[in-house]
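Q: After the C-alpha cells below, expect a handful of questions from me.
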Amino acid sequence: DGFIEVETPILQPLYGGANARPFLTHHNSLDQELYLRIADELYLKRLIIGGIDKVYELAKNFRNEGIDRNHNPEFTSLEFYQAYVDYEYMMDFVEKLFRTVAGNIGDLKLAWGEMKIDLSKKFIRKPIFNLLSDATGTDISKLNEKELIKICDKFKIDVSPQLDRKSV
C-alpha cells in the first residue's frame, strides 16, 4: 500500500545492521576489501531519512557464522520501514500482511507440525517476559544467570556457554 520496492547494495565497504560476522571479499578493479551484506536495515533507514516514507526490500543476506537448523549462511528476508507510524501500527500491518499472504496462497488455518495456527484470529500481544513466564510457570524477569540456566535445563533448552545477557 504505497510502499516502494528498492534494491540496496550487497557489496558494502562497511557492514552493519545486525550482530553477525560478515563474509569478506576483494573487488579486483577497485583493489578494495568489501563485505557481503548481513542486513539491509541501514540502507533502508537512510531512504526513510531521505524522505521516502515507505520502503521495502526482498534482500539476500549473508552471515559468516554457524550452520545448523536455525542458521543458514545465506538467506532471503523481507524488511520494510514506514515513517510516521508507531509499533502498534506496524504490528497491525504485519497481522494484515500475514492474513493477506495466507489468504492469497491458500487458507488462514495452517498446520505447523502438530500445531494448528488460525491467522483469522487477532494475534496475541504480550511482552516476551510474560510469554516466557507463562510457558515456564516461573516469573523469569528477575532471575539471575544461574537461575535462568536451571530453567533452560528443565525444559531441555541448550544454552551456549558464549551467550550471556550482554551478548544478546
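The values are calculated or read from the model by the stated rules, or taken from the named source; none is laboratory data. Values in this document were obtained by computation on a predicted structure and should not be read as measured data. So basically every Cβ, Gly included, is an ideal-geometry build from the backbone, and we count neighbours across all protein chains shown. For accessibility, only protein heavy atoms count, side chains too; no ligands or nucleic acids. Shrake-Rupley method; radii C 1.70, N 1.55, O 1.52, S 1.80 Å.
Q: State whether one or more residues within segment 117-127 are in contact with a Ser or Thr (Cβ under 8 Å, 6 or more places away or on another chain) and either under 21 Å from Glu79 (Cα atoms) or part of a loop (DSSP other than H, G, I, E, B) (or both).
A: no
Q: If I go through segment 1-57 residue by residue, how many of them are among the aliphatic types (A, V, I, L, M), farther than 13 Å from Gln82 by Cβ, in contact (Cβ under 8 Å) with a residue 40 or more places away in the chain and open to solvent by less than 40 Å² (accessible area, probe 1.4 Å)?
A: Within segment 1-57, residues that are among the aliphatic types (A, V, I, L, M), farther than 13 Å from Gln82 by Cβ, in contact (Cβ under 8 Å) with a residue 40 or more places away in the chain and open to solvent by less than 40 Å² (accessible area, probe 1.4 Å) number 4.
Q: Here's another thing I want to ask about it. Determine whether segment 102-109 contains at least one residue that is within 30 Å of Ser160 (Cα to Cα) and surrounded by 15 or more Cβ atoms within 10 Å (Cβ to Cβ).
A: Looking for residues that are within 30 Å of Ser160 (Cα to Cα) and surrounded by 15 or more Cβ atoms within 10 Å (Cβ to Cβ), one finds none in segment 102-109, hence no.
Q: It is to be established whether one or more residues within segment 128-138 are under 30 Å from Asp1 (Cβ atoms) and exposed (fewer than 11 other Cβ atoms within 10 Å of the Cβ).
A: Within segment 128-138, one or more residues are under 30 Å from Asp1 (Cβ atoms) and exposed (fewer than 11 other Cβ atoms within 10 Å of the Cβ).
Q: Here is a follow-up. Looking only at residues in segment 91-116 that are assigned to a strand (DSSP E or B) and among the aliphatic types (A, V, I, L, M), which one is farthest from Phe155 (Cα to Cα)?
A: Here the residue is Leu110.
Q: I need the full set of residues from segment 58-79 which are open to solvent by less than 60 Å² (accessible area, probe 1.4 Å), closer than 14 Å to Glu7 by Cβ and in contact with a Phe, Trp or Tyr (Cβ under 8 Å, 6 or more places away or on another chain), in order please.
A: If the condition is that a residue be open to solvent by less than 60 Å² (accessible area, probe 1.4 Å), closer than 14 Å to Glu7 by Cβ and in contact with a Phe, Trp or Tyr (Cβ under 8 Å, 6 or more places away or on another chain), then Asn61, Glu79 are the ones that fit.
Q: Follow-up question, since we're still on this one. Tally up the residues in segment 140-150 that are out of contact with any Phe, Trp or Tyr (no Cβ under 8 Å at 6 or more places or on another chain) and either open to solvent by 90 Å² or more (accessible area, probe 1.4 Å) or more than 18 Å from Pro161 (Cα to Cα) (or both), please.
A: Summing the residues that are out of contact with any Phe, Trp or Tyr (no Cβ under 8 Å at 6 or more places or on another chain) and either open to solvent by 90 Å² or more (accessible area, probe 1.4 Å) or more than 18 Å from Pro161 (Cα to Cα) (or both) in segment 140-150 gives 4.
Q: Answer yes if at least one residue in segment 58-68 is among the β-branched types (Val, Ile, Thr) and either assigned to a strand (DSSP E or B) or over 23 Å from Val94 (Cβ atoms) (or both), and no otherwise.
A: yes
Q: Give segment 38-64 a look and list any residue that's of a type in the set (D, E, K, R) and touching a Pro at 6+ places or on another chain (Cβ under 7 Å), or say none.
A: Selection gives Arg63 alone.
Q: Which condition breaks for Glu88 when tested against (1) assigned to a strand (DSSP E or B); (2) of a type outside the set (A, V, I, L, M, F, W, C); (3) out of contact with any helix residue (DSSP H, G or I) (no Cβ under 6 Å at 6 or more places or on another chain)?
A: (1)
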